[in-house]
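Undergrad: One structure follows; several queries about it will come next.
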Amino acid sequence: MASTKVAAPTIRQTNMLIGGKWQESLGGKRFPTVNPVNEKVIADVPDGNEADVDAAVKAARTAFESGPWNKMDARDRGRLMNKLADLMETNLDELAALETLDNGKPIRDSKTADLPLAIDCLRYYAGWADKLSGDTIPIRGNYFCYTRREPVGVAGQIIPWNFPILMAAWKWGPALAAGCTIVMKPAEQTPLTCLRMAELAQEAGIPDGVINVVTGYGQTGAAIVKHPGVDKIAFTGHYETAQKIMVDAAGTLKRLTFELGGKSPNVVFADADLDAAVAGAEFGLFFNQGQCCCAGSRLFVEQPIYDKFVDKLVARAKTRKLGDPFDPKTTQGPQVDSDQFQKIMSYIDKGKTEGAHCLTGGTRFGDEGFFIEPTVFANVTDNMSIARDEIFGPVLSVLPFKNADEIIERANSTYYGLAAAVWTRDVAKAHKFAASVRAGTVWVNCYDVFDAAAPFGGFKMSGMGRECGEIGLSNYTELKTVTMSLT
């Protein structure tokens with residue numbers, strides 16, 4: 001990657017897309033999206049209301065029921081999805097810079113992680129578009145029985161701010177492959193890449209009304225959830241919002257899938273490759289400024305290596321380079337906004353007050369923007385706030401443990417269950433941990449390994465359903481049974 005600073009991108013689109021038309025909100029209101037590096041306004045976007053959502057749902061319904069989308073051959077849908085992926089690849093530098101501008105993540109991460117993963121996701125699901133098939137079923141009597149997998153209809157999709165373009169791809173990919181149409185609300189903090197991605201979808205030839213993007217705050221998302229013309233909701237975010245969605249969706253019994261938060265245990269046994277585990281622990285927490293639902297924020301280290309491990313980890317954390325995210329040398333950018341900054345700082349204060357030992361970091365970095373130094377706490381106990389609550393920032397709690405039986409119980413002692421990891425050279429120990437921990441993803445001697453083909457989702461309050469992989473398509477399909485008399 002080039003060592004020179006990357007230029008900020010040109011903002012191409014700041015209106016919302018409804019039925020193929022870029023427009024203002026019918027209410028006439030707009031709101032700012034703010035640069036987390038300097039706290040200055042980047043641009044204003046429409047504040048969508050119920051009328052905007054209604055128009056978007058109607059456009060999506062028309063495209064689904066009577067527009068070209070439902071008549072299009074599945075292979076042609078896949079071809080258009082691949083065209084969108086091609087355009088994203090052609091415009092990768094622009095999209096990466098736009099993501100960095102709006103979110104604050106380092107340009108090196110936008111270019112080498114977020115964009116490639118998003119493009120790969122669309123290509124993966126493009127390949128599935130013509131492979132959704134049913135079964136023939138032998139039943140009693142003289143009948144021919146078979147099943148069909150059909151699109152669920154209009155999908156309402158609400159995405160978070162931590163991986164804006166990747167989360168859009170995770171939602172669009174299976175929905176488009178299944179033949180659904182979309183009404184998406186991007187996070188109010190980071191709407192710009194979703195809007196630009198929707199422009200590229202138009203350029204790719206995806207018909208009007210298939211993808212609609214309505215920008216706004218929580219009330220905009222609530223209007224999507226409550227709308228009777230929406231058949232399914234896919235949400236990524238906090239479990240408290242998911243609880244509200246469940247209540248609002250009850251009136252129409254919408255299909256629901258949730259990818260929620262976590263307090264993931266990252267377990268290091270004494271027989272692990274120490275240097276690899278240290279590097280994995282640092283990446284597993286500090287990547288994306290700690291703003292990952294699956295961040296390894298509860299780091300359990302077996303007692304014989306605890307002190308040595310912590311020393312190496314602190315030394316590594318101190319090498320992280322904070323600063324301008326458009327500098328390719330920067331490895332940590334700002335938190336996404338003021339609210340997130342204040343929340344994280346309050347948890348750092350709680351950690352200190354409750355008796356944890358802050359070994360590095362714990363303070364603001366710089367005079368402007370929402371930068372927080374990478375923070376490592378030792379002498380943490382399971383009952384401390386920093387060990388229980390999802391902080392969603394660069395705050396790592398390191399806890400000692402005695403043996404394998406103890407750590408499985410402690411790892412599962414949380415209402416979350418999104419991800420976990422274990423570091424050991426003992427294959428049996430690794431498989432025992434993977435089978436015993438209550439989490440949707442378990443990494444062994446690695447962390448944050450993602451692929452569009454691998455399902456992702458959580459146990460317990462970390463979500464419902466799975467995204468990615470073949471199973472991700474089931475979120476967007478209904479199974480129909482057809483029985484024909486042969487007499």
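The values are calculated or read from the model by the stated rules, or taken from the named source; none is laboratory data. Since we're looking at a predicted model, the values are computed, not measured. Backbone-built Cβ (ideal geometry, glycine too); neighbour counts: all protein chains shown. With ligands, DNA and RNA removed, areas are computed over all heavy atoms of the protein, side chains included. Shrake-Rupley method; radii C 1.70, N 1.55, O 1.52, S 1.80 Å.
Undergrad: Taking 32 Å as the cut-off for C-alpha to C-alpha distance, list the pairs among K21/K71; K226/K432; K40/K185 that go past it.
TA: Beyond 32 Å: K226/K432.
Undergrad: On to the next question. As a test, work out the antiparallel percent of DSSP beta bridges whose residues both lie in the chain, rounded to the nearest 5.
TA: Bridges in the chain are about 40 percent antiparallel.
Undergrad: Using Cα atoms only, what is the angle between the long axis of helix 338-353 and the major principal axis of the chain, expressed in degrees (0 to 90) to the nearest 10?
TA: Orientation of helix 338-353: about 30 degrees from the principal axis.
Undergrad: Could you tell me which chymotrypsin sites (Phe, Trp or Tyr not before Pro) in region 339-404 are loop residues by DSSP with no more than 16 other beta carbons within 10 angstrom of their beta carbon?
TA: Hits after loop and neighbour filter: F365.
Undergrad: Here is a further query. Can you return the lysines within cross-link range of K321? Criterion is Cα-Cα under 21 Å, with same-chain partners fewer than 8 residues away left out.
TA: K5, K105, K111, K312, K329
Undergrad: For A276, project a label point 7 Å along Cα to C-beta. Then give me every residue of region 282-303 with its amide nitrogen under 19 Å of that point.
TA: 282-285, 296, 300-302
Undergrad: Helix-only estimate, please: 222 nm mean residue ellipticity of the chain, summing -39500 (n - 2.57) across DSSP H runs of length 4 or more and dividing by its residues, to the nearest 500.
TA: Mean residue ellipticity, 222 nm, calculated: -11000 deg cm²/dmol.
Undergrad: State in Å² the accessible area per residue of the chain; use a 1.4 Å probe, count heavy atoms of protein chains only, and round to the nearest integer.
TA: Ligands and nucleic acids excluded, the result is 39 Å² per residue.
Undergrad: Also: Would you mind getting me the FRET efficiency between D307 and R388? Use the beta-carbon distance for r and R0 = 30 Å, nearest 0.05.
TA: 0.80
Undergrad: Still on this model: In debye, nearest 20: dipole of region 28-116 around its Cα centre with unit charges on the Cβ of K, R (+) and D, E (-)?
TA: Computed about the Cα centre, the dipole is about 260 debye.
Undergrad: What angle, in degrees between 0 and 90 and rounded to the nearest 10, separates the Cα long axis of helix 239-249 from the longest principal axis of the Cα atoms of the chain?
TA: Helix 239-249 sits roughly 20 degrees off the main axis of the chain.
Undergrad: Rounded to the nearest percent, how much of the accessible area of region 288-352 (1.4 Å probe, protein heavy atoms only) is carbon and sulfur?
TA: About 46 percent, which is the carbon plus sulfur part of the accessible surface.
Undergrad: Sticking with this one: Roughly speaking, to the nearest percent, how much of region 193-260's 1.4 Å accessible area is carbon and sulfur?
TA: Carbon plus sulfur share of accessible area: 54 percent.
Undergrad: How big is region 401-487 by Rg and Dmax over its Cα atoms, in Å?
TA: So, for region 401-487, Rg and Dmax equal 18.1, 70 Å respectively.
Undergrad: Distance between Cα centroids, region 38-83 to region 164-223: provide it in whole Å.
TA: So the two Cα centres are separated by 6 Å.
Undergrad: Let me ask something additional. Compare the Cα positions of G229, L274, C294 along the charge dipole of region 226-346 (+1 at Cβ of Lys, Arg; -1 at Cβ of Asp, Glu; about the Cα centre) and return the one farthest towards the positive end.
TA: G229
Undergrad: What residues from region 394-429 fall in the zone where the backbone N is under 14 Å from a label point 7 Å along the Cα-to-C-beta line of A435?
TA: Backbone N within reach: 427-429.
Undergrad: Here is a follow-up. Compute the long axis of helix 92-103 from its Cα atoms, compare it with the longest principal axis of the Cα atoms of the chain, and write down the angle in degrees, 0 to 90, nearest 10.
TA: Result, in degrees: 60.
Undergrad: Give me the percent of accessible area attributable to carbon and sulfur for region 1-157, probe 1.4 angstrom.
TA: Reported share for carbon and sulfur atoms: 48 percent.
Undergrad: At most 14 other Cβ atoms within 10 Å and a DSSP loop assignment: could you name the trypsin sites (Lys or Arg not before Pro) in region 132-178 that fit?
TA: Here the trypsin sites (Lys or Arg not before Pro) that fit, given the DSSP loop and packing criteria, are R140.
Undergrad: Note the direction-averaged projected area, equal to a quarter of the hull surface, for the Cα convex hull of region 166-233, in nm².
TA: It is 4.6 nm².
Undergrad: Still on this structure, please answer the following. Within region 309-394, which GluC sites (Glu not before Pro) sit in a loop by DSSP and count at most 16 neighbouring Cβ atoms inside 10 Å?
TA: E354, E368
Undergrad: Over the C-alpha atoms of the chain, what are the Rg and the largest Cα-to-Cα span, Dmax, in Å?
TA: Values for the chain (Cα only, Rg and Dmax): 23.2, 82 Å.
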